[in-house]
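One structure is given here, and the rest of the page talks about it.
The values are calculated or read from the model by the stated rules, or taken from the named source; none is laboratory data. Source: prediction; values computed, not measured. All Cβ positions, glycine included, derive from the backbone under ideal geometry; neighbour counts span all protein chains shown.
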Amino acid sequence: MDHVRQALNDRQPIEGLSELRAGLLIDIDSEVLDQIERGEWWLVRAEADYGDWPIAAQAFDCKVMELMNNPPPQPSRTPRIFRLMDSFTGETLVQRSYIATVDGQTVQRTTDGEGIAHLFTPGEVRQISIVLRGH
């Protein structure tokens, strides 16, 4: 901030500032400084676009290696398999649409060719309900 303030006091040109100043209602140095202090304007050097920052690249590489050596725990999904059958005939309910509710979250699915409903759930499921839809 001090560098910008000094450049404005010394009337030194700051690349790109004239385009920004054109949008101000009152074009005075204090208004320019206010825009920069509030974070409305960012002054970035042209060479920053190239991203040739060896320290940042080194820190990134270290973080990647750390994550590769110690990966964060991944959520697991436990497959739950239910064979749906007609309670009177004992017939397997093949390709039947159903609505499954797992701990309050509802999904619509269809049984497979053997009448099996496949549900992938977190390990700590408390309640599962399956309701068949139509014929």
Given (1) without any contact (Cβ under 8 Å) to a residue 24 or more places away in the chain; (2) surrounded by fewer than 14 Cβ atoms within 10 Å (Cβ to Cβ), identify the lone condition not met by Arg109. (2)
Keeping to region 80-135, report how many residues are modelled with pLDDT under 85 and either touching a Phe, Trp or Tyr at 6+ places or on another chain (Cβ under 7 Å) or among the aromatic types (Phe, Trp, Tyr) (or both). 1
Which one is farthest from the chain's Cα centre (by Cα), of the residues in region 79-122 that are among the hydroxyl-bearing types (Ser, Thr, Tyr) and farther than 15 Å from Arg133 by Cβ? Thr89
Can you tell me which residues in region 82-92 are in contact with a strand residue (DSSP E or B) (Cβ under 6 Å, 6 or more places away or on another chain) and more than 16 Å from Gln127 (Cβ to Cβ)? Arg83, Leu84, Met85, Thr92
Looking only at residues that are polar (S, T, N, Q) and assigned to a loop (DSSP other than H, G, I, E, B) in region 71-89, which one is surrounded by the most Cβ atoms within 10 Å (Cβ to Cβ)? Ser76
Give the number of residues within region 77-97 that are over 16 Å from His118 (Cβ atoms) and either outside the structural domain of Pro122 (by TED's automatic domain parsing) or not β-branched (Val, Ile, Thr) (or both). 5
Which of the residues belonging to region 90-135 are farther than 21 Å from Arg77 by Cα and assigned to a loop (DSSP other than H, G, I, E, B)? Gly90, Glu91, Leu93, Val94, Gln95, Arg96, Gly113, Glu114, Gly115, Arg133, Gly134, His135
